[in-house]
1. For region 286-315, enumerate the residues that are under 18 Å from residue 230 (Cβ atoms) and either assigned by TED's automatic domain parsing to the domain that holds residue 391 or of a type outside the set (Gly, Ala, Ser) (or both).
2. Quick check, is residue 275 assigned to a helix (DSSP H, G or I) and either under 23 Å from residue 358 (Cα atoms) or at pLDDT 95 or above (or both)?
3. Got a number for residues in region 438-458 being of a type outside the set (A, V, I, L, M) and either within 14 Å of residue 180 (Cα to Cα) or without any contact (Cβ under 8 Å) to a residue 12 or more places away in the chain (or both)?
4. Considering only region 123-151, state which residues are more than 30 Å from residue 452 (Cα to Cα), of a type outside the set (S, T, N, Q) and crowded, with 22+ Cβ neighbours inside 10 Å.
5. Would you pick out the residues in region 194-217 that are farther than 22 Å from residue 452 by Cβ and surrounded by fewer than 23 Cβ atoms within 10 Å (Cβ to Cβ)?
6. Taking into account only those residues within region 356-412 that are among the polar types (S, T, N, Q) and out of contact with any Ser or Thr (no Cβ under 9 Å at 6 or more places or on another chain), which is nearest to residue 199 (Cα to Cα)?
7. Could you run through region 225-261 and say how many residues are in a strand (DSSP E or B) and within 19 Å of the chain's Cα centre (by Cα)?
8. Applying the selection to region 32-68, what residues are crowded, with 21+ Cβ neighbours inside 10 Å and hydroxyl-bearing (Ser, Thr, Tyr)?
Amino acid sequence: MKQAFLALGAVLMAACSTLPLEASAQPPFKAEGKTLRQIYEHLHANPELSFQEKNSSVILAAEMKRLGFTVTTGVGDAWTKARAQKEYGKIEDGVGGYGVVAVLKNGDGPTIMIRADMDALPLTEKTGLPYASKLRDTSWSGETTGVMHACGHDIHMTTWIGTARELVVRKADWKGTLVMIAQPAEEIGLGALAMLEDGLFTRFPKPDKVIALHDHAALPAGELGIGSGFVMANVDSVDLKITGVGGHGAYPQDTKDPIVIGARIITTLQTIVSREIPAGEPAVVTVGAFNGGFKHNIIPDDVEMQLTVRSFADATRDKLLKAIERIARAETMAAGVDPDKGVWMRVKDDFTPSLYNDPVLAARLGAVWEKIFPLSSLHPATPSMGGEDFSRFGRTADKIPVMLLWLGAVPQAKYDAAQKPGAKGLPALHSSEFAPDPDPTLAAGVKAMTVAAIDLLK
């Protein structure tokens, strides 16, 4: 995921020092009788890719049943399989919608939903931990990679279990309906959509408020980052293809060189943020891939580009996307190519909307946390241009207030060392070296989510 303070980075397919295991070889595991640390280490060592969270969902669902929740599994399955068939023309083994919904009614009162995400990333782990993942698996799109919980969803799932345990023990302190959901496929921005499309807010009690947490790679373990208003960005992926007229590299006058056109487009795209968006309005347009040609002396017929586009306000998003298309068409026309034939643009439908922490909810819970955490451990969260599909729960027609809390996860000694001049920076989320400090992180996460839920279920 997608982080609030640090840029995303990933090291893909690094060499394993030990023989990798297939994800399907995961050992059976039950959370009953296990400490949170034991649960965490198992989940960390046995990660599962997006829409393949079969074993994780089984563990979480079984624990919820044991605690007395009414549990529904497979939420989002039909939608997920239809999406895989549409995008890839096939459904890989094990791919499905593994969403879990657990409901506990405790008298009359509000309905509160607590969400955790389950999926891991296609990374080979390099932490050196004794419980490091050694697994490999094939994603729903067909690539085989190492698998690692490099974004802390193992922390999220374990905290979710710990919070459920605490709220069951403390049932005398609250009244209402508690809905706990374990969501698949956050990393590809589709899991929340899959569950919503499968009737999350119609088949199950509709929440009055939805809360979640996300571990943080730049805060000491156990400290909290509290954000109000926009905290995460709209995320769009844009595919752009420019078709010109290819030919011999020695006779460019006989061509309409799409590489030159593409280069002009890339340069002009940089003026969107600098000259069309107000200075105080965050926006990003990044060209992450430029592919064209295959030989020194051949001008190709076309080039392809892949862009990521980030914004907070929906109006800014609309302006960015329109400007990209306008610039692509104008630069193509300037080169003497009919833009109706020379420009193909697609905004992919895996859009992740911006996350807006409801200010009233954020203020209320911030006041709750101030009473039980040292003020020195509470920090204002800086808005991030990363994305998080938790935002979708607040983007339905119901306009349900949502809030995501940042949970510090960095070992204190590593954090202190990183503050010294010239020190190496901390591993970011999505790094193959990211390793939370489990005990203080889990303790603070359970504490924060438990008191938040109790306050909201008065």
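1. Hits for region 286-315 are 308, 309, 310, 312, 314.
2. For residue 275, the condition - assigned to a helix (DSSP H, G or I) and either under 23 Å from residue 358 (Cα atoms) or at pLDDT 95 or above (or both) - is met.
3. Total meeting the criteria: 1.
4. Selection gives 123, 125, 135, 137, 140, 146, 147.
5. Passing the criteria: 196, 197, 198, 199, 202, 203.
6. Applying the filter and picking the extreme gives 396.
7. Residues flagged as in a strand (DSSP E or B) and within 19 Å of the chain's Cα centre (by Cα) within region 225-261 amount to 11.
8. The answer is 40, 50, 56, 57.
The values are calculated or read from the model by the stated rules, or taken from the named source; none is laboratory data. Note that the coordinates shown come from a computational prediction; the quantities given were computed from them, not determined experimentally. Because the Cβ atoms are built from the backbone with ideal geometry, glycine has one as well, and the counts that use them run over all protein chains shown.
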